[in-house]
Every structure is written in structure tokens, then in C-alpha cells.
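Peer 1: Supplied in C-alpha cells, the structure appears directly below.
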Amino acid sequence: MSQTDFPNIDMVSNQACLLTFGQVISDATSNYIAQVTQGLKSLAGIVDLVPSYTTLLVIFDDDHYDRFAIIKAIRHTIDAIDPNDFSLIDSREVVIPVYYGEELGPDINDVAAHCQLSVDEIIQRHSDTTYRAYAIGFTPGFAFLGNTPDELHVPRKTTPRLKVPIGSVAIAENQTAVYPSVTPGGWQIIGRTPVNLIDWGSKNLALIAMGDSVRFEPISRDEFLVQGGLLDGF
């Protein structure tokens, strides 16, 4: 990634513009977006910043900026950023305990059959991988994590569930995620974490932020229960 890879800036409303950093999902693109997001946080008049895989939505106060002023401010901020300097990126490693298995992962046997692997091999490959939070969305605290190993790529369910329990760990295509609240969902559920991914009283709201590294750690049924996990929802 270099400064010649300057994002396109398009106005999408009188109070928002969209920065597009190409079409390729990669760690380099994600790092650049994280740096720009961090830099724009210091600008007065910025209301919200919504980063995603290859884009950054900038929502601003239209009493503070018109379309020309916001583009000028964004370009000035980005000009001062070295895309290869990651020292300002506020990222962490988040470890999420998971009780894998059919009891709380009703799709794990179907996933194993689709991937032509044993259930133990599904668990091992899923938990041996370190993922990156490429985007936050769908519901508060829902982090889209990639990339799953090629051998774990599975399609979404043909018929989505109307209610997926809190903490469900799921995979679909080349991504994995944890459902932070009870919602409909079409991903393949392979386990559950006892960890709450949303803290409404915290500054950041969610346990996982964009750019974080995430690992899943297998735990037993007893460990799951001791950590506050619930065996309900299905």
C-alpha cells in the first residue's frame, strides 16, 4: 500500500461521503482504512466514522463543512498518513472461548460433512486460525472476521434461522463471526461462547473493534457453564 493508492471520495448526502480504497480485501487495505479512521477522529465536526472491508463512510456536521470543505479536510488528513506506518493503529488480540459441538452448534455435523472433515478437524482448523476484524455491522458488536481456512468454506444456510442465540459462533463462505445478540441469521453455527460481546456501559460498546486480531479457544462444556454460558436457545 502506498500514498499513490489514494481513496476515491464520493458524496453520498449533504452530511456524508464515502471513501473507497479499491476493490481488494486485504490486511494492507484494512490497515490503511484503520489509519485514516484514526486520523479523521481528530477532526472537528466529524459525527461518525463507519469503516468496512474496502470503504470508510464519513458522517459530518453540515453546519461545520460543505462538500468542498470536507473533501479538502479529508485529503489534508490523508496526505499526512504513511500507509506503511502501523504504529498509530489501536488494535488488540481478542481471545474468545468457545464450546464447540452439536449441543450448541447444531450445524457442525453438516459443516463437517460438507468439508469432508471430522468434527474434531473442523474445531482444530477453526481455532488454529487467527482472524482479522474487517468490518463491524449487521447488529451492534457483530464483527465480520476473515479469513477462514479454504477447507472450511461453506455456504450460508438455504433457509436462515429466525432466531440465533446470543454468543453463537458461526461460519459462512470465507468468514466467521459471533452473534452478539438474538437475531435472525443464515450462517452455519458450530458452537457458542459464554463471553458477552457487547458492553453498553463501555466507551467502545463492543468487545471486538475493526482491525483487531481474534482467536477462538476451545473449552469444555463444564468450562462453558462455569464462565456463565447458557444451554438454551435451540
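Values in this text are rule-based calculations from the coordinates and carry no lab data. Here the structure is a predicted model, which means the values were calculated and not measured. Here the Cβ is made from the backbone with ideal geometry for all residues, glycine too, and neighbour counts use every protein chain on show.
Peer 1: Quote the FRET efficiency, to the nearest 0.05, computed for residue 71 versus residue 198 with a Förster distance R0 of 25 Å and r equal to the Cβ-Cβ distance.
Peer 2: So the FRET efficiency works out to roughly 0.15.
Peer 1: With an 8 Å Cα cut-off and a minimum separation of 6 or more residues, compute the relative contact order for the chain in percent.
Peer 2: Once normalised by length, the contact order is 20 percent.
Peer 1: To continue, here is another question. At 7 Å along Cα-to-Cβ for each site, give me the label-to-label distance between residue 27 and residue 6 in nm.
Peer 2: 2.8 nm
Peer 1: Tell me the label only: which of (1) 36, 18, 16; (2) 29, 21, 16; (3) 50, 19, 15 is semi-axes √(5λ) of the Cα gyration tensor in Å as calculated from this structure?
Peer 2: Calculated semi-axes √(5λ) of the Cα gyration tensor in Å: the matching label is (1).
Peer 1: To the nearest 500 deg cm²/dmol, what mean residue ellipticity at 222 nm is calculated for the chain from DSSP H runs of n ≥ 4 alone, each contributing -39,500 (n - 2.57), summed and divided by the residues?
Peer 2: -6500 deg cm²/dmol, from helical runs alone.
Peer 1: Ok, one more. How much length is gained if the chain between residue 50 and residue 93 is pulled fully straight, taking 0.36 nm per residue apart and subtracting their Cα-Cα distance, in nm to one decimal?
Peer 2: 13.4 nm
Peer 1: If you take the beta carbon distance between residue 139 and residue 14 as r and set R0 to 25 Å, what does 1/(1 + (r/R0)^6) give as a FRET efficiency, to the nearest 0.05?
Peer 2: The formula returns an efficiency of 0.35 here.
Peer 1: With axes computed from alpha carbons, what is the tilt in degrees of helix 27-40 against the longest principal axis of the chain, rounded to the nearest 10 within 0 to 90?
Peer 2: Approximately 50 degrees, to the nearest 10.
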